[in-house]
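Below is one structure, written out as structure tokens; comments come after it.
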Amino acid sequence: MSKENEPSLQKGLQNRHVQLIAIGGTIGTGLFMGAGNSIHFAGPAILLVYAIIGAMMFVMMRAMGEMLYQDPSQPTFISYMTKYLGNRVGFFARWSYWLTTIFFGMAELTAIGKYVQFWFPSMPEWLIQIIFLVALAAVNLIAVAVFGEMEFWFSMIKVTAILALIATGIMMAFGHFKTPVGYVEFSNVWHNFNLFPNGIGNFVNAFQMVMFAFVGMEFIGMTVAETENPRKILPKAINQIPFRVLFFYLGALFVIMTIYPWKQIPAHQSPFVMVFELVGLKGAAAIINFVVLTAAASSFNSILFSAGRNFYSLSKESHAKFLKPFAKLSKSGLPSKALLFSALVSIGSPIFSSIPAINDAFVFVTSAATDLFLMIYIMILWAYWEYRKSSDYMPDGFLMKAPRVFVPMAVIFFVFVYITLFFNDSSVVPAIGATVWLVVFGIISYFQPKEAPSKQ
């Protein structure tokens, strides 16, 4: 088949799909289930932590967005690393990101099993995972538009839950609602305010906890090649990130601390469940469980989409002959073989979950893989820096403001977050694992060919 007759990626994603996917990528289960823990660590200063991380992620997204705007035909943003940093760095990024998303997906699949067992405690977790894996893989294999539609409604559920929380909190505050722990007042947020209420160490640790609540925001970079009008849709989706962070994250946390004095919020209980139970909503735990189930399903659905495109791109840019079958699109314009392979690899999750000894190792590997996202974000900024010096630079494109200031600032910040992982008992071992991967796989990558294979 000649290059002219080769199928191209489907253009099935519409503006409303991309906008809601962008919102969904910003909101994960970390907010619904982990907000109490992060507030416990940093108190009201957690708002500052979220704002700082949101700002740094926005810088990374603007850098990625500028490259995507210049060349929206690339199947994934990882392709720019090969293009501007060389095949060796690209090889490291391609395999690292694909493996990271696979392990991250396995973690979400494990979470899905646990959430479903809330209603069906006797149903084997491995069976639940296989059912969801097959169902979501089928969604990805049908058409891009079907994937987009499902993600649209998954995101709507998350957005509705947060809007309901914010509206409930505001009404309670203006209605002088009294709870078992006191009156609902906005002043609860800054009453007895202390920037480091539990010590500077816990404040610093809050950065790594919150950082991983933002993982997945870069996923919008996977959708650009399959949108109908990427140069129109992309700037809108990325420029709304600050608003989404301010409204959904900071708004929800502010309302939670308005309802519950922050010193009395339990660390290991969902504040969303607590709030809805306070207003007498029966089955609040079941409702929030449904919300986090859809959030986990949405995340895994997106990961399958991302992993399939990454493996397709990885195969196209590889010299290995055994990967060539995965470098082809189906007649309908889907990377079906790459997607199926990624789904088959994910089948390891039910196996890991059913064997305790392996499950312990799986938790470690998943945590280490999550740490690799920080490396990917740094490489995105590095690639962007090289792009600005290249002949591809588009001076009238979707330009970042003051890149000489903000890009180094964001790189330093991501390095800072990575370093903090070594000073927390729960994160130090995975951080060492991620560092070992960086060194060992970095050496392997060094011995790869300097140039990617020709696209002819």
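Within region 83-95, if we keep just the residues that are crowded, with 24+ Cβ neighbours inside 10 Å and of a type in the set (Gly, Ala, Ser), the residue that is farthest from Ile347 (Cα to Cα) turns out to be Gly90.
A single entry from Thr110, Thr76 fulfils the requirement of being closer than 23 Å to Ala338 by Cα, part of a helix (DSSP H, G or I) and hydroxyl-bearing (Ser, Thr, Tyr): Thr110. Within region 184-224, restricting attention to residues that are small (Gly, Ala, Ser), part of a helix (DSSP H, G or I) and under 19 Å from the mean Cα position of the chain (by Cα), the residue that is nearest to Met60 (Cα to Cα) is Gly221. Being outside any helix (DSSP H, G or I), under 27 Å from Ala51 (Cβ atoms) and at pLDDT below 95 holds for only one residue in Met400, Met394, and it is Met400. Closer than 30 Å to Ser79 by Cα, in contact with a Phe, Trp or Tyr (Cβ under 7 Å, 6 or more places away or on another chain) and crowded, with 19+ Cβ neighbours inside 10 Å: is that true of Ser298 in this structure? Considered against the rule, which asks whether it is closer than 30 Å to Ser79 by Cα, in contact with a Phe, Trp or Tyr (Cβ under 7 Å, 6 or more places away or on another chain) and crowded, with 19+ Cβ neighbours inside 10 Å, Ser298 comes out as yes.
Here's the yes/no breakdown for (1) without any contact (Cβ under 8 Å) to a residue 40 or more places away in the chain; (2) more than 30 Å from Phe186 (Cβ to Cβ); (3) under 20 Å from the mean Cα position of the chain (by Cα):
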| site | (1), (2), (3) |
| --- | --- |
| Ala35 | no, no, yes |
| Ala42 | no, no, no |
| Arg62 | no, yes, yes |
| Met67 | no, yes, yes |
| Ser73 | no, yes, no |
| Asn87 | no, yes, no |
| Phe91 | no, yes, no |
| Phe104 | no, yes, yes |
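In region 330-350, the residue that is surrounded by the fewest Cβ atoms within 10 Å (Cβ to Cβ) out of those that are over 16 Å from Asn301 (Cα atoms) and modelled with pLDDT of 75 or more is Lys331. Does Leu374 satisfy the condition of being within 30 Å of Ala111 (Cα to Cα) and either modelled with pLDDT of 95 or more or surrounded by fewer than 19 Cβ atoms within 10 Å (Cβ to Cβ) (or both)? In short, no. Output the qualifying pairs, or none if there are none: Cβ atoms under 9 angstrom, residues six or more apart or on different chains, first residue in region 121-134 and in contact (Cβ under 8 Å) with a residue 60 or more places away in the chain, second residue surrounded by fewer than 17 Cβ atoms within 10 Å (Cβ to Cβ) and basic (Lys, Arg). Every condition considered, the pairs that remain are Glu125/Lys114.
With respect to the conditions (1) closer than 30 Å to Leu399 by Cβ; (2) of a type in the set (A, V, I, L, M); (3) part of a loop (DSSP other than H, G, I, E, B), Ala267 falls short on a single one, namely (1). Quickly run through region 240-288 and pick out the residues that are at pLDDT 85 or above and either more than 18 Å from Thr168 (Cβ to Cβ) or acidic (Asp, Glu) (or both). Listed by number, the list is empty, since nothing qualifies.
Scan region 173-196 for residues that are surrounded by 18 or more Cβ atoms within 10 Å (Cβ to Cβ), out of contact with any Asp or Glu (no Cβ under 7 Å at 6 or more places or on another chain) and of a type outside the set (S, T, N, Q) and the total you get is 2.
Taken as a whole, region 380-390 holds at least one residue that is under 30 Å from Gly34 (Cα atoms) and at pLDDT 90 or above. In the set (1) surrounded by fewer than 23 Cβ atoms within 10 Å (Cβ to Cβ); (2) in contact with a Ser or Thr (Cβ under 9 Å, 6 or more places away or on another chain); (3) under 21 Å from Ala297 (Cα atoms); (4) aliphatic (A, V, I, L, M), Val273 fails one condition alone, (2). The residue that is nearest to Pro271 (Cα to Cα), counting only those in region 35-71 that are among the charged types (D, E, K, R) and assigned to a helix (DSSP H, G or I), is Arg62.
Return a yes/no flag: does region 133-149 have any residue that is touching a Ser or Thr at 6+ places or on another chain (Cβ under 9 Å) and over 30 Å from Asp71 (Cβ atoms). The answer is yes, given that some residue of region 133-149 is touching a Ser or Thr at 6+ places or on another chain (Cβ under 9 Å) and over 30 Å from Asp71 (Cβ atoms). Is region 406-424 home to any residue that is free of Cβ contacts under 8 Å to residues at least 40 places away in the same chain, surrounded by fewer than 17 Cβ atoms within 10 Å (Cβ to Cβ) and over 22 Å from Ala206 (Cβ atoms)? Yes, some residue in region 406-424 is free of Cβ contacts under 8 Å to residues at least 40 places away in the same chain, surrounded by fewer than 17 Cβ atoms within 10 Å (Cβ to Cβ) and over 22 Å from Ala206 (Cβ atoms). Checking each residue in region 306-326 for being of a type in the set (A, V, I, L, M) and touching a helix residue (DSSP H, G or I) at 6+ places or on another chain (Cβ under 6 Å) picks out Ala307, Leu314, Leu323.
Quick check on my filter: what residues within region 118-158 are among the β-branched types (Val, Ile, Thr) and either at pLDDT 85 or above or surrounded by 16 or more Cβ atoms within 10 Å (Cβ to Cβ) (or both)?
Ile128, Ile130, Ile131, Val134, Val139, Val144, Ile157
The values are calculated or read from the model by the stated rules, or taken from the named source; none is laboratory data. Source: prediction; values computed, not measured. Glycine gets a Cβ as well: all are built from the backbone with ideal geometry, and neighbour counts include every protein chain shown.
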